[in-house]
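The values are calculated or read from the model by the stated rules, or taken from the named source; none is laboratory data. This structure is a prediction, so every number in the text was calculated from the model and none was measured. So basically every Cβ, Gly included, is an ideal-geometry build from the backbone, and we count neighbours across all protein chains shown.
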Amino acid sequence: MGVLAGYDSRVRGVTISFGERFAASDQFDAIFREGMALVERAAAYLDGPGRKEAKALSGPAAMLYASESMRLTTRLLELASWLMIRRSFKDGEITPEQLARKRERVRLTEPGRISHVKGFETLPGGLQGLIKASFALNDRIVRLDLAMQVRVDQPDVADSPPATASPVQAQVTRLERAFSARPKLRAVPTGS
């Protein structure tokens, strides 16, 4: 018997939601702090050293700086919105229905790559670093969002494991689906 000695047969078939578990974890808190710190870092850079660096640029590099700093700001605001909504849900401040409604308003972008930004190497190093960090955070949050989706109106039958499936296998299948799926998200152009 060993490990199964304390296993309660009444629990058989109960699936643990990765999303609920992650949202309530210290890992979520760490991503929340990381995201908010990145927002603060970007604001401080764009108001301080970035403003000075932008004035030194001319022509296409200045235009690229302006457009990429706006894209960075937009990306970070959407990520911060997602984090705030998830934290509100975690803290019990909003219901699953409110979470679903608020989440619909957030426009996460598809995972992006620096290679899509033509002339990226001409941008000041500070902006380059922030853009890279924002893409990395965006990619993590997009994957988490897929894994954490709450189905309020009607559960997706495709997400429900067959009654005979192992609860562990069902979770593995959901994780594989979440991390391999191409999200249907609004693409935001990242270069000219």
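Summary of values
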| quantity | calculated |
| --- | --- |
| Residue pairs meeting the criteria (Cβ under 7 Å; at least 6 apart or on separate chains; first on the phi > 0 side of the Ramachandran plot and surrounded by fewer than 21 Cβ atoms within 10 Å (Cβ to Cβ), in region 64-77; second outside any helix (DSSP H, G or I) and not hydroxyl-bearing (Ser, Thr, Tyr)) | none |
| Hey, Ile94 on the phi < 0 side of the Ramachandran plot, modelled with pLDDT under 95 and assigned to a loop (DSSP other than H, G, I, E, B) or not | yes |
| Filter result (hydrophobic (A, V, I, L, M, F, W, C), out of contact with any Phe, Trp or Tyr (no Cβ under 9 Å at 6 or more places or on another chain) and part of a loop (DSSP other than H, G, I, E, B)) within region 98-124 | Val117 |
| Check on Arg182, at pLDDT below 60 and farther than 21 Å from Val39 by Cβ | yes |
| Restricting region 94-126 to residues that are without any contact (Cβ under 8 Å) to a residue 40 or more places away in the chain and acidic (Asp, Glu), the residue that is farthest from Ala61 (Cα to Cα) | Glu104 |
| Where Met84 falls short, out of the listed (1) farther than 21 Å from Phe135 by Cβ; (2) assigned to a helix (DSSP H, G or I); (3) not polar (S, T, N, Q) | (1) |
